Amino acid sequence: MLSYHKRYSPDVFSVHRIFRLQRLEISMAGMTLYDKLWQSHLVLQRDDGSALIYIDRHIVHEVTSPQAFEGLRLAGRKPWRVNSIVATPDHNVPTTPQERSSGVDGIADPISKIQVKTLDENCDELGILEFKINDHRQGIVHVVGPETGACLPGMTIVCGDSHTSTNGALGALAFGIGTSEVEHVMATQCLVAKKMKSMLVQVDGQLGPGVTPKDVVLAIIGEIGTAGGTGYAIEFGGEVFRSMSMEGRLTVCNMAIEAGARAGMVAVDDITLEYVKNKPFAPKGALWDKAVAEWSQLHSDPDAKFDRVVRLNGSDIKPQVTWGTSPEMVLPVSERVPDPAVESDAVKKASIERALQYMGLNAGQPISEIAIDKVFIGSCTNSRIEDIRSAALVVKGRKKAPSVKLAMVVPGSGQVKAQAEAEGLDKIFRDAGFEWREPGCSMCLAMNADRLEPGERCASTSNRNFEGRQGYGGRTHLVSPAMAAAAGIAGHFVDVRQLLESGQ
Amino acid sequence: MKSFTRLVGLVAPMDRANVDTDLIIPKQFLKSIARTGFGPNAFDELRYLDKGEPGKDNSTRPLNPDFPLNFPRYQGASILLTRENFGCGSSREHAPWALDEYGFRCIIAPSFADIFFNNCFKNGLLPVVLPADVVSELFEELYANEGYQLTVDLEQQTVTRPDGKSHSFEVDAFRKHCLLNGLDDIGLTLQDADHIRAYEAKRRESAPWLFGITE
């Protein structure tokens with residue numbers, strides 16, 4: 001394994017940071033994108049090294065918010081700025097059209113129903129903008145934020161959800177927080193934070209056909225390890241990201257947290273501006289021009305210094321498949337399952353052995369011979385229109401393998417669903433024997449009824465292959481939408497590039 | 001919040017790297033809208049032989065006899081000893097809530113995931129980072145000695161072994177202050193409300209698009 005573990009050292013840089021910050025206030029030269037975002041949101045630098053950071057946008061879902069709302073209520077506090085908050089239920093919502101048809105009352109699981117209703121009640125009481133379960137804008141928080149323009153370049157964005165890093169693709173500082181901090185942001189519009197270290201992940205060259213942003217980020221995690229980014233904010237730079245669509249950048253930043261980094265980000269360029277322009281909540285007219293002038297500064301200066309730089313060559317990256325129970329346990333589809341016997345580090349060796357046992361795999365087994373039971377195309381990582389198109393391209397004119405029990409496509413939002421249906425993509429999936437569902441988090445974390453049964457194996461476009469993540473005893477292999485679709489057709493993992501070639 | 005000053009506690013092992021928050025508290029328990037009730041389901045998938053569900057009577061469920069936290073010698077443990085990158089994955093604060101309710105007050109590891117690390121401090125739980133080789137030594141001593149205890153002193157920033165050998169650890173000054181005194185940091189931040197308002201007024205002027213979101 002190539003994993004690289006960096007020891008967490010929370011305080012070593014604090015003094016250095018304070019001095020550096022003072023210097024930066026004098027001169028704007030040599031700043032990273034992260035420096036700029038931090039600096040523009042700094043309310044107060046305290047003597048003890050901590051800082052008060054202003055939060056522009058607070059995204060809320062039903063799972064990590066009820067205790068925060070209750071805390072506010074118990075303390076007699078009100079939200080500091082109600083119009084900074086946007087909410088939508090996503091984790092618990094059912095995805096079958098039947099269960100969705102009667103809204104929140106139709107949720108079969110009584111505990112899930114209470115949680116979604118609690119979000120509705122809290123938002124109604126406080127006047128918080130919420131896209132309720134059957135609002136056409138409802139969806140996974142990290143899909144909804146960017147596509148509505150609720151999340152914009154230059155913002156600080158938080159949510160009680162680790163995948164908030166997704167929004168950094170807009171050129172924003174976005175990161176996940178716990179429920180106590182959800183309450184803190186609601187009450188104060190700020191977070192007490194300490195500046196992270198900065199890492200540049202530079203991927204130059206060109207991606208080959210069939211190689212997607214998901215493969216890029218999995219390859220990065222394979223390189224630096226699941227804790228490689230701990231303590232850092234990662235900026236993704238280089239030719240590969242410059243030519244990548246916003247959807248692709250959102251996928252990459254989404255998984256920064258799987259490399260241990262709370263925040264991932266990409267500099268603002270024409271692709272960002274083109275994406276943001278005319279989004280419902282984006283500034284318009286003269287305000288747009290003013291915003292663009294500010295956003296055009298949102299890139300690292302040429303002489304900016306990073307605490308760590310990692311370089312990969314895009315043309316070396318192949319379609320990836322995870323084989324274990326951590327996202328760093330990943331290899332190109334052409335490889336074989338690793339052998340713990342050749343690992344010298346005792347802790348890593350034990351991890352590989354435990355992973356192979358849990359996953360029901362043998363050392364040396366070719367990844368392309370691993371047969372799957374289910375396919376899940378969705379999640380905040382890969383449920384945007386481009387992901388759906390990419391899977392549909394593979395599926396078109398083909399049929400799901402009979403051995404695959406279920407292949408489901410769960411669009412990330414009502415808007416993605418409508419767009420895909422307008423393009424006829426739902427029909428392509430249905431014709432191939434794939435199910436087309438209503439938007440939500442679904443089988444990424446299996447809080448609703450969409451889940452794996454014990455021992456079932458899934459080709460999944462989600463972000464975590466942890467034990468039990470997609471269902472008790474379930475086995476997850478993380479792949480791109482194209483690779484998941486290809487596995488659904490073949491019944492086992494296959495290099496999607498071969499399938500695309502043979503089909504044309 | 002509970003304060004944390006000095007703890008002399010029984011140590012229990014979680015001898016694996018990358019323990020994620022899904023493993024600490026599985027997703028089905030996150031449907032609760034309460035802040036309590038997670039302790040009996042901490043490490044649910046490792047701890048019991050059957051699948052846990054909300055509302056199930058945990059006292060009648062079959063325990064996994066091979067899971068160390070079920071061993072008689074580790075009952076009553078308040079310090080969890082573990083490996084690299086503990087608490088990775090989801091931001092769910094239900095993870096520290098579950099560990100706290102189980103009875104842990106301190107977790108010792110070579111490294112922690114950032115969000116989990118942060119969440120611990122909000123709940124009176126102290127995450128201690130010690131070098132990997134020291135953690136390995138502690139594991140050896142723990143396995144060799146039944147009733148193995150450590151002393152964790154936040155004021156001094158030390159972990160002391162039964163033989164008196166002491167290891168110092170780093171802790172952020174602000175977090176230390178809050179934890180030693182059991183302070184609610186919302187109250188502390190609101191003491192700076194004037195600074196927040198001043199920042200906001202300035203920003204509203206220069207970047208008004210950040211302040212309007214209405215249907």
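The values are calculated or read from the model by the stated rules, or taken from the named source; none is laboratory data. Keep in mind that what you see is a predicted model, and the values were worked out from it rather than measured. We place every Cβ from the backbone using ideal geometry, glycine too, and count neighbours over all the protein chains shown. The area values use the complete protein model at the heavy-atom level, side chains included, leaving out ligands, DNA and RNA. Shrake-Rupley method; radii C 1.70, N 1.55, O 1.52, S 1.80 Å.
A compact table of results
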| item | result |
| --- | --- |
| Inter-centroid distance (Cα atoms) of the range B:38-58 relative to the range A:432-504, Å | 27 |
| Rounded to the nearest 10 Å², the accessible area of A:Lys290 at probe 1.4 Å | 90 |
| For the range A:296-407: rounded, prolate or oblate by the Cα gyration tensor [a/c cutoff 1.5] | oblate |
| Protein accessible area in chain A, 1.4 Å probe - carbon and sulfur % | 52 |
| Equivalent ellipsoid dimensions for the range A:247-344 as semi-axes, Å, which come from the Cα gyration tensor, largest first | 38, 17, 12 |
| Accessible area per residue, Å², the protein assembly as shown with all protein chains present, probe 1.4 Å | 34 |
| The range A:355-504 - convex hull of the alpha-carbon atoms, volume per residue in Å³ | 95 |
| Under 17 Å from A:Lys427, Cα to Cα: aspartates and glutamates that are on another chain or at least 8 residues apart | A:Glu386, A:Asp387, A:Glu435, A:Glu438 |
| Cβ-derived FRET efficiency at R0 30 Å, A:Lys279 paired with A:Ser102, nearest 0.05 | 0.45 |
| Dipole-positive endmost among A:Leu37, A:Gly231, A:Pro327 within chain A (Cβ charges, Cα centre) | A:Gly231 |
| Inter-probe distance in nm under a simple model that places probes 7 Å from Cα toward Cβ, at A:Arg77 and B:Glu140 | 4.7 |
| Cβ-defined net charge surrounding A:Lys400, 11 Å radius [Lys, Arg +1; Asp, Glu -1] | +3 |
| Inter-chain shielding of B:95-101 (mean C-beta neighbours from other protein chains, 10 Å cut-off) | 1 |
| Accessible area in the full protein assembly, largest first, 1.4 Å probe, for A:His41, B:His167 | B:His167, A:His41 |
| Cut-off under 5 Å, modelled amide H: who pairs with A:Gly440 long-range | A:Ile140 |
| Relative contact order for chain B, counting Cα pairs under 8 Å that sit 6 or more residues apart, in percent | 25 |
| Dipole axis of the protein assembly as shown (+1 Lys, Arg; -1 Asp, Glu on Cβ), positive-most option in A:Met186, A:Pro340, A:Ile367 | A:Met186 |
| Relative intensity, log₁₀ I(q)/I(0), of the range B:1-99 from a Debye sum that treats every alpha carbon as a point, q = 0.15, 0.16, 0.20, 0.21 Å⁻¹ | -0.65, -0.74, -1.16, -1.26 |
| Members of A:Lys374/A:Lys399; A:Lys279/A:Lys318; A:Lys117/B:Lys31 lying beyond 22 Å, as alpha-carbon distances in this model show | A:Lys279/A:Lys318 |
| Near-label residues of the range B:71-94 by backbone N, under 14 Å of a point 7 Å along Cα→Cβ of B:Lys2 | B:76-80 |
| Largest-first ellipsoid semi-axes for the range B:6-181, taking √(5λ) over the Cα gyration tensor eigenvalues, angstrom | 26, 20, 14 |
| Efficiency of FRET between B:His195 and A:Lys405 - r from beta-carbon atoms, R0 51 angstrom, step 0.05 | 0.35 |
| Net length gained if the chain between A:Ala371 and A:Asp303 were fully extended (0.36 nm per residue, minus Cα distance) | 19.6 nm |
| For q = 0.28 Å⁻¹, Debye-computed log10 I/I(0) when each Cα of the range B:56-111 counts as one equal scatterer | -1.26 |
| Size of charge dipole - the range B:6-181 - debye, nearest 20, with Cβ of Lys, Arg +1 and Asp, Glu -1, no other charges | 520 |
| Chain A: relative contact order as a whole-number percent, Cα under 8 Å and 6+ apart | 17 |
| Within the protein assembly as shown, percent of DSSP bridges classed antiparallel, to nearest 5 | 30 |
| Förster radius 35 Å - calculated FRET efficiency between B:Ser168 and A:Ala346 (Cβ-Cβ, nearest 0.05) | 0.85 |
| Under the Karplus curve 6.51 cos²θ - 1.76 cosθ + 1.60, θ = phi - 60°, whole-Hz ³J(HN,Hα) for the range B:97-113, x wherever Gly or Pro sits | 4, 5, 5, 4, 5, 5, x, 7, 10, 8, 10, 10, 8, x, 6, 10, 6 |
| Cα pair count fraction exceeding 13 Å, expressed as % - the range B:151-215 | 75 |
| Links that overshoot a 32 Å alpha carbon limit, given the list A:Lys417/B:Lys202; A:Lys214/A:Lys277; A:Lys197/B:Lys2; A:Lys214/B:Lys56; A:Lys214/A:Lys405; A:Lys349/A:Lys396 | A:Lys417/B:Lys202; A:Lys214/B:Lys56; A:Lys349/A:Lys396 |
| Dimensions in Å of the protein assembly as shown - Rg and Dmax from alpha carbons | 24.0, 72 |
| Relative frequency of Cα-Cα separations exceeding 19 Å in the range A:54-166, percent | 44 |
| Positive-pole candidate from B:Val19, B:Pro68, B:Phe43, dipole of the range B:6-181, charges at beta carbon | B:Phe43 |
